[in-house]
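The values are calculated or read from the model by the stated rules, or taken from the named source; none is laboratory data. Just so we're clear, the structure is a prediction, and the values are computed from it rather than from any experiment. We place every Cβ from the backbone using ideal geometry, glycine too, and count neighbours over all the protein chains shown. What goes into the accessible areas is simple: the full protein's heavy atoms, side chains included, and nothing from ligands, DNA or RNA. Shrake-Rupley method; radii C 1.70, N 1.55, O 1.52, S 1.80 Å.
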Amino acid sequence: IGFHEWRGYLDALRRNGRCVNDKGTGIGTGTGKTSAPPVADLDAMRRTATEHTKQDTCRLARRQLKRCQRLTRVFGWRLTFLDSTETHRLLGEGGSHAAVAQTAWTKDVLDPALAESLAFLAGESSGDVAKRNRNDDAAAAANQKKAETETEPEPEWKEHRCDVCDKTVRGETERVAHFEGRRHWRRVSATRKKARGGHGTQAPVTNASAGDASG
């Protein structure tokens, strides 16, 4: 892969005089110039060659995968398939993704390959390796969940008293839910009206008002 896809572009690049040797002279002419007319749109030819290379690479990968699967299915070969797609994607992005790419390579390629090799040398079957990997993943998930739980702050179970509702709540969540609730505010409103003489409750009569009424 790579030669026949890029041959047309490289020939055109040479004819266009853009392929030079280390002395700065044009290849095949010795003068730095070519006798052939310039070739138009080399960039388009390069993009086409790149796409053809990708397509041929994918076709080859599919053929190889089918052959490997046949070896496993028909002949019982013990094969482990490793996927480095994430590593190459991160490397292609460049910059700060290089460190993440190394982590992805270790997780997706290096560690599984070492585990399978050691299991093969120890005489374990692929089923044993898969079972151990599942157990390791479950243990890692449990440890991570435990660590997250331990780092969370303990809730403050402080009691809060509401004299209006004659109720005691515990914790900040219950306090907010109660004191911002509709039932609490209805009782607060009823208590205020009762204090002002509402709700059919007669306001207390003072001595001055009683004297005015008798006069």
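Descriptive notes on the structure:
- Rounded to the nearest whole Hz, the Karplus-based 3J(HN,Hα) values (6.51 cos²θ - 1.76 cosθ + 1.60, θ = phi - 60°) of the range 158-164 follow the sequence 8, 7, 10, 9, 10, 6, 5, with x at glycine and proline.
- Remark: the range 65-74, residue by residue, has Karplus-estimated 3J(HN,Hα) of 5, 5, 5, 5, 5, 5, 4, 6, 6, 8 Hz, where x stands for each Gly or Pro and the curve is 6.51 cos²θ - 1.76 cosθ + 1.60 at θ = phi - 60°.
- Sequence-distant residues sharing a close amide H with K167 (under 5 Å, placed H): C162
- Sorting R175, R47 on solvent-accessible area from highest to lowest, probe radius 1.4 Å, gives R47, R175.
- Scalar couplings 3J(HN,Hα) for the range 48-60, obtained by applying the Karplus form with A = 6.51, B = -1.76, C = 1.60 to θ = phi - 60°, are 5, 4, 5, 5, 5, 5, 4, 5, 5, 5, 5, 5, 5 Hz; x denotes Gly and Pro.
- At the residue level, R78 shows approximately 80 square angstrom of accessible surface with a 1.4 angstrom probe and all protein chains present.
- Projected label distance in nm at A98 and V188, using a 7 Å step from Cα toward the beta-carbon: 6.1 nm
- Tensor-based shape of the range 38-98 (alpha-carbon gyration tensor, a/c under 1.5 rounded, otherwise prolate or oblate): oblate
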